[in-house]
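Beneath this line is the structure, given in structure tokens, with notes to follow.
What follows draws every value from the coordinates through simple rules; no lab data is involved. Keep in mind that this is a model prediction, so the values were computed, not measured. Glycine also receives a Cβ, built like all others from the backbone with ideal geometry; neighbour counts cover every protein chain displayed.
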Amino acid sequence: MSYQHLIIERHGPVGWLINNRPDVRNAMNNAMRDEFAKAWTELNEDPAVRVIVHTGEGRDFQTGVDVGELATDGVGMERYRQSMEDFDVHFTSWHQDVWKPVITAVNGICCGGGFHWVADADIVIAASNAQFFDPHVSVGQVVAIEAIGLMKKMPVEAVMRMAFMGKYERMDAERALELGMISEIVDPPERLRERAQELGETIAKNSPAAMAATKKALWGALEHGLTDACKAGAQHLVSMWGHSDQNEGPMAFAEKRNPNWKPLS
Amino acid sequence: MTIEIHHDGPVGWLIFDRPDAGNAIDAQMFVDLEQAWAELDADDTVSVIVNTGNGRAFQSGLDVVQLAQDPEALKASSRQTKRAELRLTAWHCGVTKPVIAAVNGICAGGGLHFIADADIVIASSNAAFLDPHVSVGQVTAFETIGMLKKSPVESIARMAYLGRHERITADRARQLGILSEVVEPEQLRSRAQDIAETIARHPLDQLRQLKRQLWAALEVA
């Protein structure tokens with residue numbers, strides 16, 4: 001598969017998905033939107049890829065929809081009306097049912113629609129110069145899906161504040177860390193990719209099948225109340241019983257060796 | 001007994017007591033826990049329950065080695081897991097009184113149940129939290145689901161996927177709101193007793209009603 005607006009790389013067990021429109025701060029045009037759907041699926045279906053890292057080429061991570069294209073191509077947001085009304089969208093790992101751990105590594109600015117990939121990742125780390133803001137209301141747009149996703153995962157006031165302050169205020173990486181929106185700041189910023197790779201390799205030491213079932217259980221918890229989430233979680237938990245990794249893990253531990261996990265099929 | 005119970009004023013203490021095994025839950029503790037919660041909840045002299053551990057660790061989850069040697073106990077625990085009907089924590093056992101977890105050291109894997117299901121959590125400065133399930137080929141579900149209903153989700157997901165390769169420190173856990181107070185190890189029990197006595201100044205009926213309402217809020221999707 002070849003891509004015009006994304007870079008796909010593989011380093012050991014870690015698959016990389018890199019936004020590649022650095023001249024427009026990695027804003028997403030229509031073509032890039034289609035490429036996201038293919039790229040997530042490609043990495044998800046590759047058994048050699050155990051963890052996926054998502055970052056941006058150039059100074060910034062992602063700045064949402066390409067407003068330049070919207071303003072000039074005569075179609076504008078109308079292009080997305082049907083898919084939005086149906087919530088039939090395909091540009092994040094959550095939309096594409098990726099059940100491998102996904103790390104978003106935020107370089108520079110993440111704003112507006114860029115929050116989709118913060119909300120829909122499992123783990124988020126950021127360079128020390130990262131900045132977060134949501135300019136939707138400052139350019140006459142509604143923010144919904146990405147802010148809703150974030151509100152499910154972190155203190156709500158901070159998300160509301162960003163939504164209403166629009167382009168007039170930015171959150172820095174320190175505050176994002178305090179709030180638990182991200183879990184790690186990488187300084188200097190140039191070390192971001194190196195650290196993301198390291199983190200990916202560490203996670204790749206764990207059982208791929210156990211992580212996939214865990215991911216289903218945890219995302220299920222965002223859909224259900226506590227008791228129902230536990231009941232749904234029990235199904236994912238039990239799905240692992242009888243899987244070879246479930247015996248291999250304790251055996252390797254007892255024998256003080258690295259486990260040989262079965263790849264995801 | 002694998003659980004030590006004692007009383008101090010209006011406070012009932014439920015203390016994990018398998019210090020040589022990191023307080024891991026063996027077949028006996030599986031049974032003792034349910035009885036201990038029921039006993040303290042039914043005791044009219046107890047208004048608030050504090051849960052902590054003897055020795056260096058708080059709780060390190062199921063003692064898989066011991067359970068493997070006891071097929072009947074293993075079967076029972078498997079059945080409860082499958083049906084999401086575990087009887088380990090205050091929440092599982094329907095305890096109606098406020099519960100404070102006082103984390104005195106490592107809290108790992110299934111030990112996280114007792115954090116997720118407590119009302120208030122405090123910790124000693126040497127406490128640490130990790131979930132090694134995926135590193136030994138197991139799924140983590142109930143305890144991390146409970147925690148992510150109450151804390152920033154990314155931090156819990158990170159703990160789940162990093163497995164035994166990373167720990168959350170007591171200070172970071174406080175920053176994230178997983179717990180509310182970090183104290184020096186030798187002060188942990190006296191501080192827990194203080195907090196419990198403060199809460200116990202309120203009428204028990206009111207505390208019970210409040211607890212019921214707040215936990216009900218977590219049942220909404």
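Compute, for the stretch A:1-51, the length of the dipole vector about the Cα centre, with Cβ point charges of +1 (Lys, Arg) and -1 (Asp, Glu) only. Units Debye, rounded to 20. It would help to have the intermediate numbers written out before the result.
Values: 6 positive and 7 negative charges, 31 e Å.
Computed charge dipole of the stretch A:1-51: roughly 140 debye.
Quick one: net charge of residue B:21's neighbours, Cβ under 12 Å, K/R +1, D/E -1? Provide the component values of the computation, followed by the final result.
Details: positive: B:18, B:56; negative: B:17, B:20, B:26, B:63.
Value of the local net charge: -2.
Give, to the nearest whole percent, the P(r) tail of the stretch A:208-254 beyond 12 angstrom, counting all Cα pairs. Mind showing how you got there, number by number?
On the way: 660 of 1081 pairs.
Of the Cα pairs, 61 percent sit more than 12 Å apart.
How much of the DSSP beta bridge set in the protein assembly as shown is antiparallel, as a percent to the nearest 5? Walk me through the intermediate numbers first.
Numbers: 16 of 58 bridges.
Antiparallel bridges: around 30 percent, rounded to the nearest 5.
If N is the number of residues in the protein assembly as shown, what value comes out of its Cα radius of gyration divided by 2.2 N^0.38 Å? Don't jump to the answer; show the numbers that get you there.
Numbers: Rg = 23.5 Å, N = 486, 2.2 N^0.38 = 23.1 Å.
Scaled against compact globular proteins, the figure is 1.02.
Among the DSSP beta bridges whose two residues both lie in chain B, what percent are antiparallel, rounded to the nearest 5?
Numbers: 8 of 29 bridges.
The answer is about 30 percent antiparallel.
If you take the C-alpha gyration tensor of the stretch B:91-221, multiply each eigenvalue by 5 and take the square root, what semi-axes do you get, largest first, in whole Å?
Details: eigenvalues 128, 73, 25 Å².
Largest first, the stretch B:91-221 gives 25, 19, 11 Å.
How high is the relative contact order of chain A? Use alpha-carbon pairs under 8 Å, at least six apart in sequence, and give a whole percent. Could the numbers behind the result be given before it?
Details: 463 pairs, mean separation 43.1, N = 265.
Taking the mean separation of contacting Cα pairs over the length of chain A, I get 16 percent.
Which lysines, if any, have their Cα less than 27 Å from the Cα of residue A:167, not counting same-chain residues under 8 positions apart?
A:152, A:153
Peptides B:127-133, A:13-19, A:170-176, A:26-32: what's the order by average Cβ count within 10 Å, highest mean first? Walk me through the numbers on the way to the answer.
Values: B:127-133: 25.0, A:13-19: 23.0, A:170-176: 17.4, A:26-32: 21.4.
Averaged packing, sorted descending, gives the order B:127-133, A:13-19, A:26-32, A:170-176.
Would you mind pulling out the separation of the Cα centroids of the stretch B:83-157 and the stretch B:1-54, in Å?
16
Report the net charge of residues surrounding residue A:217, where surrounding means a beta-carbon distance below 13 angstrom and charges are Lys +1, Arg +1, Asp -1, Glu -1.
On the way: positive: A:215, A:216, A:231, B:149; negative: A:122, A:223, A:228, B:131, B:143.
Around residue A:217, the charge tally is -1.
Report the semi-axes of the equivalent ellipsoid for chain B in whole Å, largest first, where each axis is √(5λ) for an eigenvalue λ of the Cα gyration tensor. Kindly include the intermediate steps, with their values, before the conclusion.
On the way: eigenvalues 119, 83, 64 Å².
Ellipsoid semi-axes (Å, largest first): 24, 20, 18.
With bins 5 Å wide starting at 0, give me the P(r) of the stretch A:73-223 over every alpha carbon pair, in whole percents.
Bin by bin from 0 Å, the calculated values are 2, 9, 16, 20, 19, 17, 10, 5, 2, 0.
Rounded to the nearest 5, what % of the DSSP beta bridges within chain A are antiparallel ones?
On the way: 8 of 29 bridges.
Close to 30 percent.
In straight Cα distance, which aspartates and glutamates are under 13 Å from residue A:38, not counting same-chain residues fewer than 8 positions off?
A:46, A:97
Report the per residue volume, in Å³, of the convex hull enclosing the C-alpha atoms of chain A. Kindly include the intermediate steps, with their values, before the conclusion.
Working: hull volume 37.8 nm³, N = 265.
Taking the convex hull of the Cα positions in chain A, it is 143 Å³ per residue.
Suppose every Lys and Arg Cβ carries +1 and every Asp and Glu Cβ carries -1, with no other charges. What dipole size does chain A come out with about its Cα centre, to the nearest 20 debye?
On the way: 26 positive and 37 negative charges, 113 e Å.
Here chain A has a charge dipole of around 540 debye.
Provide the packing ranking of A:231-244, B:75-88, i.e. peptides ordered by the mean count of other C-beta atoms within 10 Å per residue, highest first.
Numbers: A:231-244: 17.6, B:75-88: 16.0.
Packing order, densest peptide first, comes out as A:231-244, B:75-88.
Can you tell me which of A:113-120, B:29-36 comes out highest on packing, and rank the rest after it, using the mean Cβ neighbours within 10 Å?
Numbers: A:113-120: 25.1, B:29-36: 20.1.
Packing proxy ranking, top to bottom: A:113-120, B:29-36.
Within a 10 angstrom radius of each residue's Cβ in A:203-216, how many Cβ atoms of other chains show up on average? Whole number is fine. Mind showing how you got there, number by number?
Numbers: counts 8, 1, 6, 12, 8, 2, 3, 11, 8, 2, 5, 12, 5, 2.
Across A:203-216, the average partner-chain Cβ count within 10 Å equals 6.
Give the separation of the Cα centroids, the stretch A:151-187 to the stretch A:192-265, in Å.
Centre-to-centre distance over Cα atoms comes out at 28 Å.
Per residue of A:178-188, count partner chain C-beta atoms within 10 Å of its C-beta, then hand back the mean as an integer. Numbers along the way, then the final one.
On the way: counts 3, 5, 12, 4, 4, 12, 1, 0, 0, 0, 0.
Mean partner-chain Cβ count within 10 Å for A:178-188: 4.
Please give the average number of partner chain Cβ atoms lying within 10 Å of the Cβ of each residue in B:160-173, rounded to a whole number. Don't jump to the answer; show the numbers that get you there.
Values: counts 10, 17, 8, 9, 3, 5, 4, 0, 1, 0, 0, 0, 3, 0.
Partner Cβ neighbours, averaged per residue: 4.
Add +1 for every Lys or Arg and -1 for every Asp or Glu among the other residues with Cβ under 15 Å from the Cβ of residue A:43, and state the total.
Values: positive: A:10, A:38, A:50, A:100, A:215; negative: A:9, A:35, A:42, A:45, A:46, A:97, A:120, A:122.
Summing Lys/Arg as +1 and Asp/Glu as -1 gives -3.
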